[in-house]
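Right, one structure below, let's go through it.
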Amino acid sequence: MTQRPLRYAVHGPMFSGKTTLSKLLRDAGFTYVNYTDYGKTLIARSLTALLGREVTQEEVIARKNEWRGYIITGLRIYGFDEGRGVEDLLRDLPATTPIVFDNVRYLSQYEALKPYGFTLVRLVVSPHEQENRAIRAGMSRDELLRLREESSEQPVPEQPGEITICT
């Protein structure tokens, strides 16, 4: 009997530990796929054309707070919130590869991952701990409160068989 590979799609609010957990799994042998980084690569290509100079993914990451509105709008236009690009990221990975997919933000993204055998992992963080982590990362409380209201920060509805971890 052939076992399905372990494949996890990690979601949760800002500062819940999505990337921390995903990188721990990477270090344990999982292939790490960061969906948001892929989106920032797409935005870098778009900004390169728009600005007439090379913009790298690293620059987009470094300036993400400054460019946040453009990044969100650009990714919505691309269809990122609908799961577009998932197939591109997984196409060349063997079906037997254990994968951790970091930064699922919308149910439609998870729906795009389900045919590839992913289990949703929900990270839960208390508002107090989230605020502490945000402040340690250099974000103001007001900025955190504003960003909590964005659609990308709203929880994905609970799914059958998902795993919930309180961080």
### Output for the range 84-93, where each listed residue is out of contact with any strand residue (DSSP E or B) (no Cβ under 9 Å at 6 or more places or on another chain) and open to solvent by less than 50 Å² (accessible area, probe 1.4 Å)
GLY85
### Message
Exactly one of these conditions fails for LEU21: (1) among the hydrophobic types (A, V, I, L, M, F, W, C); (2) outside any helix (DSSP H, G or I); (3) open to solvent by 20 Å² or more (accessible area, probe 1.4 Å). Give me its number.
### Response
(2)
### Query
Restricting the search to the range 105-115, which residues are more than 20 Å from ARG146 (Cα to Cα) and either open to solvent by 50 Å² or more (accessible area, probe 1.4 Å) or modelled with pLDDT under 90 (or both)?
LEU107, GLU111, LYS114, PRO115
### Query
Any idea which of ARG4, ARG45, ARG26, ARG53 is at pLDDT below 90, open to solvent by 40 Å² or more (accessible area, probe 1.4 Å) and either part of a helix (DSSP H, G or I) or more than 21 Å from ARG148 (Cβ to Cβ) (or both)?
ARG4
### Task
Among the residues of the range 125-166, write down those that are closer than 30 Å to PRO98 by Cα, more than 15 Å from the chain's Cα centre (by Cα) and outside any helix (DSSP H, G or I).
VAL125, SER126, PRO157, GLU158, GLN159, PRO160, GLY161, GLU162, ILE163, THR164, ILE165, CYS166
### Query
Just to be sure, is THR96 surrounded by fewer than 13 Cβ atoms within 10 Å (Cβ to Cβ) and either at pLDDT 90 or above or assigned to a loop (DSSP other than H, G, I, E, B) (or both)?
yes
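The values are calculated or read from the model by the stated rules, or taken from the named source; none is laboratory data. Every value quoted in this text rests on a predicted model; they were computed, and no experiment measured them. Every residue, glycine among them, receives a Cβ derived from its backbone with ideal geometry; neighbour counts consider all protein chains shown. These accessible areas exclude ligands, DNA and RNA; they are computed on the full protein's heavy atoms, side chains included. Shrake-Rupley method; radii C 1.70, N 1.55, O 1.52, S 1.80 Å.
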